[in-house]
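Trainee: Below you'll find the structure I mean.
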Amino acid sequence: MQTHKHWIIAVILIGLTAWLAPSPPDQENRERGVVKYVIDGDTLILNGSDTKIRLWGVDAPEREEEGYQEAKDELRQLVQGKNISYIVKDIDKYDRIVARIFLEDNMEVNRHLIEGKFALEYCRFTGGFYAHC
């Protein structure tokens, strides 16, 4: 009887852990591609396309601002030549896709740049999604 109780408790704990663990964003609704070129710290282009992808919620330094090269280098190191997936959030006024970008291991690039202090959270658009406003 004691062993039976341990199994029940183990099953409940496993179920709670799975239920409470943050799940990755819906992978079925993702587009995929290989990064051809990083333009700056928050914009890239995929192979086979001229369409630019702007990282949603990421406000990286501009060319004349301090930290520009570091942000661009970090994004390049993370994604250049790699397979990514992305969730389209919007199309901006420059006809760029605005998206959340993910590496194959499901790490979100947008969050990495913000949490690593390579860029700021663009709170006007995120409403505090990344909790750095």
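The values are calculated or read from the model by the stated rules, or taken from the named source; none is laboratory data. Keep in mind that what you see is a predicted model, and the values were worked out from it rather than measured. Note that we place each Cβ from the backbone using ideal geometry, even for glycine, and neighbour counts take in every protein chain shown. All accessible areas refer to the heavy atoms of the entire protein, side chains included, with ligands and DNA or RNA removed. Shrake-Rupley method; radii C 1.70, N 1.55, O 1.52, S 1.80 Å.
Trainee: List the lysines whose Cα sits under 17 Å from the Cα of residue 52, skipping any in the same chain fewer than 8 residues away.
Mentor: Straight-distance partners of residue 52: 36, 72, 82, 89, 93.
Trainee: While we're looking at this one, here's another question. How many percent of the accessible area of segment 74-133 is carbon or sulfur, using a 1.4 Å probe?
Mentor: Looking at segment 74-133 in its full context, I get 49 percent from C and S.
Trainee: Still on this structure, please answer the following. Can you pull out the GluC sites (Glu not before Pro) in segment 52-133 whose DSSP state is coil and whose Cβ has at most 16 other Cβ atoms within 10 Å?
Mentor: Of the GluC sites (Glu not before Pro), the ones in loops of segment 52-133 whose Cβ has at most 16 other Cβ atoms within 10 Å are 62, 64, 65, 66, 104.
Trainee: Next question, about the same structure. DSSP loop (so not H, G, I, E, B), at most 13 other Cβ within 10 Å: list which chymotrypsin sites (Phe, Trp or Tyr not before Pro) in segment 51-133 pass both filters.
Mentor: When the chymotrypsin sites (Phe, Trp or Tyr not before Pro) of segment 51-133 are filtered for loop state and at most 13 Cβ neighbours within 10 Å, 94 remain.
Trainee: Could you list the residues of segment 63-90 with an amide nitrogen less than 11 Å from a label point located 7 Å from the Cα of residue 32 in the Cα-to-C-beta direction?
Mentor: Under cut-off, by backbone N: 83-86.
Trainee: Further question: If you stretched the chain out fully between residue 131 and residue 80, how much longer would it get, using 0.36 nm times the residue separation minus the C-alpha to C-alpha distance?
Mentor: 15.7 nm
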